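*Asks:* Before I ask anything, here is the structure I am working with.
Any read-out appearing in this document is the output of simple, stated calculations on the displayed coordinates, not a laboratory observation. It should be emphasised that the depicted structure is a prediction, and the values quoted were computed from it without experimental measurement. Note: ideal-geometry Cβ built from the backbone for every residue, glycine included; neighbour counts use all protein chains shown.
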Amino acid sequence: MAGFKSTEHYIASRDLEVAVNAAVTLQRPLLVKGEPGTGKTVLAHEVAQALGKPLIEWHIKSTTKAQQGLYEYDAVSRLRDGQLGDERVHDIRNYIIRGKLWEAFASDQQAVVLIDEIDKADIEFPNDLLLELDRMQFFVYETRETVVAKQRPIILITSNNEKELPDAFLRRCFFHYIRFPDRDTMEKIVQAHYPDIRKDLAREALNVFFQIRDVPGLKKKPATSELLDWLKLLMVEDLPADALRSNEKQLVIPPLHGALLKNEQDVHLFERLAFLARRGG
Amino acid sequence: MFAHLILGLRAAGLPTSITEWLTLMGAMKEGVVEYSVDDFYFLARATLVKDERHLDKFDRVFAACFKGLEPPEGIPVQDLPEEWLRKLAEKMLTPEEMAKIEALGGLDALMKRLQELLDEQKGRHQGGSKWIGTAGTSPFGAYGYNPEGVRIGQDRSRHRRAVKVWDKREFKDLDDTVELGTRGMKVALRRLRRFARQGAATELDMPDTIKSTANNAGMLDLKMVPERHNTVKVLLFLDIGGSMDDHIRLTEELFSACRTEFKHLEHYYFHNCPYERVWKNNRRRHEEVIPTWQVLRTYGPDYKLIFVGDGAMSPYEITMQGGSVEHWNEEAGSVWVERLTGHYRRSAWLNPTPKQSWGHVRSITMLNDLMEGRMYPLTVNGIDEMTRELSR
């Protein structure tokens, strides 16, 4: 079986490769955590592409219930149809709406399922999915049928750590924590996304980027996705690398900083620091 | 196979179960990784650790188990006091000097020697070529040069000659028993947010649905209402100035972060111990004081009261009338603490100093008694315990 490796567009560290391959081989869910903007969601797309399998995305909100991933029984439409005397009302199956997991279970080809931001949901959500993810089957009460996965899907789960996940759930998963990439890896990532970027521009931009990340007290440190957005802007504007250059001690507010600093307090903090640095130097 | 790894992990307090162990064995059998130590480390980590807080402990246990080393008695290898290793100077060697440095032998020899040295060594050390410290040419320690070196407690690689991945301890920030760093802060806030909001957004309004369905001549008309949110009201009392200056940044971080998380959040400053007056603006602390009675009258008992302070002061500031260092107080601090905790049904004290040292400071012990034991350290764990206590 072809394993998962870094691709042209996605630089995966060796530990991530091992974790993904373990999850694929043993057919257990992989739980991915990490700072926002380090490529948790993109990972699922890349895994699906690398393994050549369809991707089914299930985005979780605070109102999402576990049952919605399996199926929903639309009692309200049935009641309405009953009142209107519609023929469809006699078959309950007309009112069973398939969820994302059912879709994945029913698929003839093994699918990759992304359960995105599982921590957004209610605290009981992961517990409600334990058996379904373990056995890859569930029971539909309304029609008295058991849905069993034809091919056990590959399940990737992302979490931003807003809620703690139950132990019983964690025990069934593999776990990977995406660390913030170091400078070398970041250079590779930039290269992968923008192969034709000017070398000097990329170097200066990375200097500025890591300098900003080192500023203490930022509310939201810019992450990989912000860096990539910013670089794109810089390339579109075709700024010379000199515009970014600053000497070691002096902080300057980088051009187009709106792509990096997403919070007005952070911008203020940065302006203040830059002002102090100018005055001190 | 490798059974001592799981035993070591459990002994270190990681919640690793047999199921996970069997999963790891299964993965090995399936040949997920080939015969590489690093890959095995990654696989074991993905299988056995389920929370980034435990990654650091895992690294330590893995290092101890996998190299067949007994965890050294006395000083644990990776827990050298940071002060030893703080770089005071960095020694730069010329290439000739570098070439002169002889490697001591294989990795095993190095590790064995390290343990011997650790047993012998008692104090901090810097420079030189034998002892463990910083900027020396001994193979042990940090910021020095020896091609076969074992790095301890160095926060980045200087010569890019790291021997082992797990010794870098990149996940140290995520360990939840250490005081809050920037990242730890975020996790702590999520705990606070969980405390602030509970429940999903919508639910069916039965009475209204029945009524409007009836009005509609029996045609179904659903009515929804937003589910009630748990509106947690918080009253923050922040200790400012004096002995708190060390902790002020931490306190402010917590405070500013809290402000965005709660709808009903009021803050007041006090100094060392709350008395009959508090203030809202620290720059104008002498002009704009607010009587504590007014705070008690304004905010009802359903507010949850959180003190943030190190509680380090003279015991007289708590027990005696007129004990305050700033002004003459008519009533003792303990009276005010009791009055405040009596008025508010739920209250707690967050203390930024490490819990181990509380017993050594008399005033902290006294305050903890006044709070009936509801004093918590300002760590992720402490905040967790506090929110649990407050929302009970």
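*Asks:* Which angle from 0 to 90°, rounded to the nearest 10, does the C-alpha axis of helix A:224-237 make with the longest principal axis of chain A?
*Replies:* With both axes taken from Cα atoms, the answer is about 60 degrees.
*Asks:* Compute the acute angle (0 to 90°) between the alpha-carbon long axis of helix A:40-51 and the principal axis of greatest extent of the alpha-carbon atoms of chain A; round to the nearest 10°.
*Replies:* Between the helix axis and the principal axis of chain A, the angle is about 70 degrees.
*Asks:* Let me ask you something else. Under 5 Å between amide hydrogens, which residues at least 5 positions from A:Gln110 or on another chain qualify, with H placed 1.01 Å from N in the peptide plane?
*Replies:* Residues meeting the criterion, in which the H sits 1.01 Å from N, do not exist here.
*Asks:* Scan the range A:1-58 for GluC sites (Glu not before Pro) in coil per DSSP, keeping those whose Cβ has at most 14 other Cβ atoms within 10 Å, and list them by number.
*Replies:* A:Glu8
*Asks:* If each residue's Cβ is checked for other Cβ atoms within 10 Å, how do B:Thr47, A:Thr25 rank with the fewest at the top?
*Replies:* So the ranking, lowest neighbour count to highest, is A:Thr25, B:Thr47.
*Asks:* If you filter the range A:101-162 for GluC sites (Glu not before Pro), then keep DSSP loop positions with at most 15 other Cβ within 10 Å, what is left?
*Replies:* Here the GluC sites (Glu not before Pro) that fit, given the DSSP loop and packing criteria, are A:Glu124, A:Glu142.
*Asks:* Report the net charge of residues surrounding A:Ser6, where surrounding means a beta-carbon distance below 11 angstrom and charges are Lys +1, Arg +1, Asp -1, Glu -1.
*Replies:* In short, 0.
*Asks:* Turning to a different aspect of this structure: Label points 7 Å out from Cα along the Cβ direction at A:Arg88 and B:Thr209: separation in nm?
*Replies:* Between A:Arg88 and B:Thr209, the simple spin-label model gives 2.0 nm.
*Asks:* Another question, then. For the range A:36-129, give the magnitude of the charge dipole about the Cα centre (Cβ charges: +1 Lys/Arg, -1 Asp/Glu; no others), in debye to the nearest 20.
*Replies:* 60 debye
*Asks:* Still on this structure, I have one more. For a quick check: with amide H placed at 1.01 Å from N, whose amide H comes under 5 Å from A:Phe175's, ignoring anything fewer than 5 positions away on the same chain?
*Replies:* Those qualifying (amide H under 5 Å, at least 5 residues apart or on another chain) are A:Leu31, B:Thr47.
*Asks:* Given springs between every Cα pair under 10 Å in a Gaussian network model of chain A, which of A:Gln137, A:Gln67, A:Gln265 has the largest fluctuation?
*Replies:* Result: A:Gln265 has the largest fluctuation of those listed.
*Asks:* So what is the relative contact order of chain A, in percent, for Cα pairs below 8 Å that sit 6 or more residues apart?
*Replies:* That works out to 22 percent.
*Asks:* Then there is this: Report, for the range A:14-178, the % of DSSP beta bridges that are antiparallel, rounded to 5.
*Replies:* 30 percent
*Asks:* Mind checking the dipole of chain A: about its Cα centre, +1 per Lys or Arg Cβ, -1 per Asp or Glu Cβ, Debye to the nearest 20?
*Replies:* Dipole size: approximately 560 debye.
*Asks:* Report, by chain and number, residues whose modeled amide H sits under 5 Å from the one on B:Phe270, excluding near sequence neighbours (fewer than 5 apart, same chain).
*Replies:* B:Leu238, B:Asp239, B:Ile240
*Asks:* For the range A:95-183, run through the chymotrypsin sites (Phe, Trp or Tyr not before Pro) and keep only the ones in DSSP coil with at most 16 other Cβ atoms within 10 Å of their Cβ.
*Replies:* A:Tyr141
*Asks:* With each pseudo-label sitting 7 Å past Cα toward Cβ, what's the B:Ala12-A:Gln151 distance in nm, one decimal?
*Replies:* 3.9 nm
*Asks:* Suppose the chain between B:Asn381 and B:His360 were pulled fully straight at 0.36 nm per residue; how much longer would it get relative to their current alpha carbon spacing?
*Replies:* 5.4 nm
*Asks:* Which angle from 0 to 90°, rounded to the nearest 10, does the C-alpha axis of helix A:14-26 make with the longest principal axis of chain A?
*Replies:* Tilt relative to chain A: about 10 degrees.
*Asks:* So if I take the centroid of the Cα atoms in the range A:14-77 and the same for the range B:313-392, what is the distance between those two points in Å?
*Replies:* 46 Å
*Asks:* Turning to a different aspect of this structure: List B:Cys65, B:Cys273, A:Cys173 from most exposed to least, where exposure is judged by having the fewest other Cβ atoms within 10 Å.
*Replies:* B:Cys65, A:Cys173, B:Cys273
*Asks:* Please order A:Asp184, A:Asp122, B:Asp310 by the number of other Cβ within 10 Å, starting at the fewest.
*Replies:* A:Asp184, A:Asp122, B:Asp310
*Asks:* In deg cm²/dmol and to the nearest 500, what is the mean residue ellipticity at 222 nm of chain A if only DSSP H runs of at least 4 residues count, each as -39500 (n - 2.57), divided by the residue total?
*Replies:* Helix contribution divided over all residues of chain A: -12500 deg cm²/dmol.
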